[in-house]
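First up is the structure itself, then whatever we jot down about it.
The values are calculated or read from the model by the stated rules, or taken from the named source; none is laboratory data. Everything numeric here is computed off the predicted structure, so don't read it as measured data. Cβ placement follows ideal geometry from the backbone for every residue including glycine, while neighbour counts extend to all protein chains displayed. For accessibility, only protein heavy atoms count, side chains too; no ligands or nucleic acids. Shrake-Rupley method; radii C 1.70, N 1.55, O 1.52, S 1.80 Å.
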Protein chains: 2
Amino acid sequence: MIKRIDHIAVVVEDIEQALSLFRDTLGLELSHTETIPEQGVKIAFLPVGESEIELLEPLSADTSIAKFLAKRGEGMHHICLEVEDIDAALADLKEKGVRLINKTAVAGAHGRVAFIHPKSTHGVLIELLERSK
Amino acid sequence: MIKRIDHIAVVVEDIEQALSLFRDTLGLELSHTETIPEQGVKIAFLPVGESEIELLEPLSADTSIAKFLAKRGEGMHHICLEVEDIDAALADLKEKGVRLINKTAVAGAHGRVAFIHPKSTHGVLIELLERSK
């Protein structure tokens, strides 16, 4: 069902500042940044092997990313696992009693996504992604 | 400098219980488990693509893993990034003023490793690994 780790998302206060570590010090490549106004988030994409590290900066205080930052500080937010067929995966998880944040897949930047509730995943917020063909 | 994400480590209370999610529900393969008495930890290795998810269970209350669990609960603990040359990487980070937990590499299960302090990495505990040839 799961093919690979698509990305690890890290919440930061300020992407420019965080790039001084992740790009300039650790030497990761910055492929691009994206601002998604409807989600109130700016994202920096840093490929590493077959995965990416994504830096998430909240653009307003009422977003879930901003609330995470206020409560827990900067740090790892979620991991995203690529699946072949997200509808089949969600149907299977539902049948097995796993608590889902998104009961059906929603449109994401790179395909269709859904989050599993961390109460069902030992505290790890997991995003599933079926990449657009 | 960085080749790929070697693994993501997740602290759990009980590996057997956590496997019911990660192996039986999400369908990840369990390659093996290891007990490292001198570090007071049991580890389950679950390959996914070119990376692994590692589940860490503390074996005694005086370990850093047990303290993390008591303070923050189950969840993501660190990410491990594979580097080509860990001595060169550590020298470079030191020169750039990055705070290191291990100033020189120590022996790990799969090669030589060192941890960077999360105060220098926006709250993300990062392990560097140079794999044994």
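Some notes on this structure:
- For region A:42-114 versus region B:80-128, the gap between their alpha-carbon centres in whole angstrom: 27
- Position B:Asn102, label points 7 Å along Cα→Cβ, spacing to each other copy in nm (shortest first, one decimal): 3.7
- With N the number of residues in region A:37-133, Rg(Cα) / (2.2 N^0.38 Å) evaluates to 1.11.
- Under the criterion of Cα pairs below 8 Å and six or more residues apart, the relative contact order for chain B equals 25 percent.
- Apportionment of accessible area to carbon and sulfur, the protein assembly as shown, percent (1.4 Å): 49
- Across the copies of the chain, B:Glu16 has label points (7 Å from Cα along Cα→Cβ) spaced 5.4 nm apart, shortest distance listed first.
- The mean of 1/r over all pairs of different alpha-carbon atoms in the protein assembly as shown, once inverted, gives a Kirkwood hydrodynamic radius of 19.0 Å.
- Computed from label points 7 Å out along Cα-Cβ, the spacing between B:Lys67 and B:Arg131 is 3.2 nm.
- Shortest-first distances to equivalent copies, position A:Lys119, nm, label 7 Å out along Cβ: 3.7
- The protein assembly as shown, helix-only ellipticity at 222 nm - DSSP H runs n ≥ 4, -39,500 (n - 2.57), divided by all residues, nearest 500: -5000 deg cm²/dmol
- Stokes-Einstein D in µm²/s, Kirkwood radius over Cα pairs - region B:1-86 at 20 °C with 1.002 mPa s viscosity: 160
- Relative contact order of region B:58-133, pairs being alpha-carbon contacts under 8 Å that are 6 or more residues apart, as %: 31
- B:Asp24 versus B:Arg99: modelled label distance in nm, points set 7 Å from Cα along the beta carbon direction: 4.2
- Buried accessible area, chains B and A (both chains, 1.4 Å probe, Å² to nearest 100): 3200
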